[in-house]
Structures are given as C-alpha cells and as structure tokens.
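A.B. asks: So that we are looking at the same thing, I have put the structure below in structure tokens.
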There are 2 protein chains.
Amino acid sequence: MKIAILGTGMVGSTIGSKLVQLGHEVKMGSRTADNPKAADWVQANGEKASQGTFATAAAHGEIIFNCTQGMVSLEALKMAGEENMKGKILIDVANALDFSKGMPPTLSVCNTTSLAEQIQLAFPGVKVVKSLNTVNCNLMVNPKLVPGDHDIFLSGDDSGAKAQVAELLKKGFGWKSVIDLGDISTARGTEMLMPIWLRLMGVFQGPNFNFKIVH
Amino acid sequence: MKIAILGTGMVGSTIGSKLVQLGHEVKMGSRTADNPKAADWVQANGEKASQGTFATAAAHGEIIFNCTQGMVSLEALKMAGEENMKGKILIDVANALDFSKGMPPTLSVCNTTSLAEQIQLAFPGVKVVKSLNTVNCNLMVNPKLVPGDHDIFLSGDDSGAKAQVAELLKKGFGWKSVIDLGDISTARGTEMLMPIWLRLMGVFQGPNFNFKIVH
C-alpha cells in the first residue's frame, strides 16, 4: 500500500521505517521537498522509501499519518492540502504539547476540544482516526517492548476507517488489544493522558510503559 | 482515629461507611448541621458515625476527606475553615466536573492547574494529598471489585502525609499498588483522566474498571 508520513521527527521516522519493513511504499513529507532529515531516512530505508513536500506525500498516500508536532499540525495539514487527503484515512498520532511555558508542557488544546477534532473540523472530507498518541514511538510499532497485555485506543467518526486502522495496528504493528472509544471527540480523553504520561515517565525512569484498562 | 468526611453524596457516604467499618470515628460535614442525607448516613452507620457542619467536621477530623463536588470544593473548604484544617492531611478525591455545558462534562480547571493545586494554594497550611479520584467510589474502598492488579495514584507536596495516606489505602482499603506521581501539580494528570474514564465507562458499560500501568 502507498502510505504518507507527514513529519520528519522520531515519530515519523519510526513509523515510516516499520511501514517500509512491512512492504509498504512510504513517502515522508515535510515543508520542503529536500528536507535533509527525510533524505537521511530515505537513504536508510531503501527503495520503498521516498520523500517530498507535505502535498506530494499526501497525494502519494492511500493512508496518511500525521506525525508532525501537534502545535503545528493544522498548518502542516493545510500545506498538505485537503484535495490531496480527501476521502482518505488520516491517522493522527500527534499531541499538542506546548513547551513554551516551561516544564512540564501543557496542552495547547484540550478539555472542550482536541487536536483530532480540530483537524476533523478543518478537513471534513478526511477520515480522521486518532490513535497511538498515548505511547512512545518505539512502542507504537513494537508493543512487545512492554511485556504483558496493554491497550491502544482508537477515536474517529468513520467506523470503516477505524476498522482498517485497527487491522494495521494488529496485523502490522502487533497490537493485541485495540479499544474503540467512540467518535472523534473521544480523542480528548487520549490527548489528555499526556500530563499523567509525562509524570509516569519520571516514575518509571523512561518511556517503556503503557496503560492497561483492567475490567 | 477521628476522620472528617466533607460531602454527603455517594462518594462521602461510601468512604465514610468504610472508615466506620475500620473502627474510625467519622463525622460527615455539610453546609448545615442537620443535613438529612447525613442524618440517614449516621443512622445507618451506628455510634461511631456523626454529622455536623463542614467546620465542626473539619475540627473533629485528624484526617479530612474532601468528597464534595469539585465545582464547589473551594467554597466548601472555606466554610470548613483553614483554622480547623491547619497541619492536617486533606485527602482530595474530588473532580471538577462541569455538567452545565452538556454531556460529556468538561473540567472547570485543568491543564495549567488542577483542583488539588487550587486547594493547596488556598490553604497553604493544609497537607493536601490527591488520590482515589480516578476510580468509582465503590472501587475506592474495595479494589477487589475489579479483579487482578491495578493502580491507584498519589499526588502531594508532603512526603509524610503521602506515606500516611498510602498506608490507609493499603491496610485500610486494600489497595496493593499505590503509585506516587510526585508533587501536588501531578494531580493535573489524574484529574485529566476523567475524559477517558467517562468514555471507558461507556465502552465497558459501567464503572467497574481501572487503569494499570504496565512497565
């Protein structure tokens, strides 16, 4: 499958490399077509990896991952262009963490809305599915990094899109338990896990932990 | 031990009854000394149970539980009076859920502050410990309602107070795993679990579930 990764940071690189390993044709998009971090990633990942602008990557992808920093995701997605994303699944893994006011970071949107809802509102023709934003990027594509059973969440308005994402998470990335929380507004819940996640990273001295809902 | 329960709702009644069963002398406080819900609770719980105003309850308690609704907690605690709480442990189990804007409720404070921090700021002489606010009240005092291992969190500035609360949670209420998140500002993390908690209640068709941090 052709997949777009928007963003050249650790999250985009990690998900992109996993998708290449799974046999997908992955184009990494950024503000410029010749982004040096994307170039390094392409060189490291072989012929199924390519790079381009946000717009050419979005046009390439049948599925699009938003791996940009949450504070600039809306701007990046505007550069990607609704016409290049229309009717497609956009998997939003970003968190709108605002580091400008010191540590720990706060969220630039929360409580009465969420980044995922803002994206869905700005691009109504796109099937936005929020997922993976509650774990470190290495864990996103390799849940076995944390032993035992633990959960990953899904939020989105389109049931078919969520089913397709759940299959990628399970068969592609190895997640055993995927919890569908409901419509896109449920992304408030997972985005608002960030404050406790950041503190738990301190408690456990690193990012290799995850939530399990025991019931 | 003498313990105050501020608030006459389900949370206060449930915690109060458990504390009476454990042998403590529990006074339930409300706006008026003759609150009928508190009177019913006293009648149901025998001679170790009593009722009074927020102020007389706070004066009675060596430990004070804030079980008022989060939106009115600061007002209730002002009525309790700092002079009646000074130097004591205040266990804040409240969530500042605002139902006035429709369902699901939002939080009246979050992200850059928390209810627990606001209480600590308003009453600097009180040892505020945030805990139990991430589970249903029946689970608070009976963690075995959800089988298997799962966690309860602590936030607070006073290490000695947190140690004392952890002992009550473990030996009194039966919690096996108590995670100390750090200072009182870490209560932002647990208070901001409410949005996903409310959605998970829908997914699991009831409140008998809890978070476990797998690491």
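Every number in this text was worked out from the coordinates using simple rules, so none of it is lab data. Every value quoted in this text rests on a predicted model; they were computed, and no experiment measured them. Heads up, the Cβs are rebuilt from the backbone with ideal geometry, glycines too, and the neighbour counts pull from every protein chain shown.
A.B. asks: Select, from A:Phe211, A:Phe153, the only residue that is facing another protein chain (nearest Cβ under 7 Å) and assigned to a strand (DSSP E or B).
C.D. replies: A:Phe211
A.B. asks: If you don't mind, another one. Restricting to the range A:72-89, give me the number of residues that are out of contact with any helix residue (DSSP H, G or I) (no Cβ under 9 Å at 6 or more places or on another chain) and not acidic (Asp, Glu).
C.D. replies: 3
A.B. asks: Continuing with this model, one more query. Restricting the range B:162-177 to residues that are in contact (Cβ under 8 Å) with a residue 24 or more places away in the chain and of a type in the set (Gly, Ala, Ser), which is farthest from the other protein chains (Cβ to nearest Cβ)?
C.D. replies: B:Gly172
A.B. asks: Right, here's the next one. Kindly provide the set of residues from the range A:41-83 that are closer than 25 Å to A:Leu22 by Cα and of a type in the set (Gly, Ala, Ser), ordered by number.
C.D. replies: A:Ala44, A:Gly46, A:Ala49, A:Ser50, A:Gly52, A:Ala55, A:Ala57, A:Ala58, A:Ala59, A:Gly61, A:Ala80
A.B. asks: Of the conditions (1) in a helix (DSSP H, G or I); (2) within 10 Å of another protein chain (Cβ to nearest Cβ); (3) surrounded by fewer than 23 Cβ atoms within 10 Å (Cβ to Cβ); (4) not small (Gly, Ala, Ser), B:Asp180 clears all except one; give me its number.
C.D. replies: It fails just one condition, (1).
A.B. asks: Can you spot a residue in the range A:119-136 that is of a type outside the set (D, E, K, R), within 20 Å of A:Ile179 (Cβ to Cβ) and surrounded by fewer than 22 Cβ atoms within 10 Å (Cβ to Cβ)?
C.D. replies: yes
A.B. asks: Of the residues B:Phe211, B:Phe173, only one is farther than 28 Å from A:Leu181 by Cβ, buried (at least 16 other Cβ atoms within 10 Å of the Cβ) and not basic (Lys, Arg); which?
C.D. replies: Unique residue meeting the criteria: B:Phe173.
A.B. asks: For the range B:188-208, give me each residue that is of a type outside the set (A, V, I, L, M) and either touching a residue at least 12 places away in the same chain (Cβ under 8 Å) or within 8 Å of another protein chain (Cβ to nearest Cβ) (or both).
C.D. replies: B:Arg188, B:Gly189, B:Thr190, B:Glu191, B:Pro195, B:Trp197, B:Arg199, B:Gly202, B:Phe204, B:Pro207, B:Asn208
A.B. asks: Being within 13 Å of chain B (Cβ to nearest Cβ) and either surrounded by fewer than 18 Cβ atoms within 10 Å (Cβ to Cβ) or touching a residue at least 40 places away in the same chain (Cβ under 8 Å) (or both) is true for just one of A:Ser159, A:Ser185. Which residue is that?
C.D. replies: Within the list A:Ser159, A:Ser185, the selection yields A:Ser185.
A.B. asks: Please enumerate the residues belonging to the range A:134-150 that are touching a residue at least 60 places away in the same chain (Cβ under 8 Å) and within 12 Å of another protein chain (Cβ to nearest Cβ).
C.D. replies: Hits for the range A:134-150 are A:Thr134, A:Val135, A:Asn136, A:Leu139, A:Pro143, A:Leu145, A:Val146, A:Gly148, A:Asp149, A:His150.
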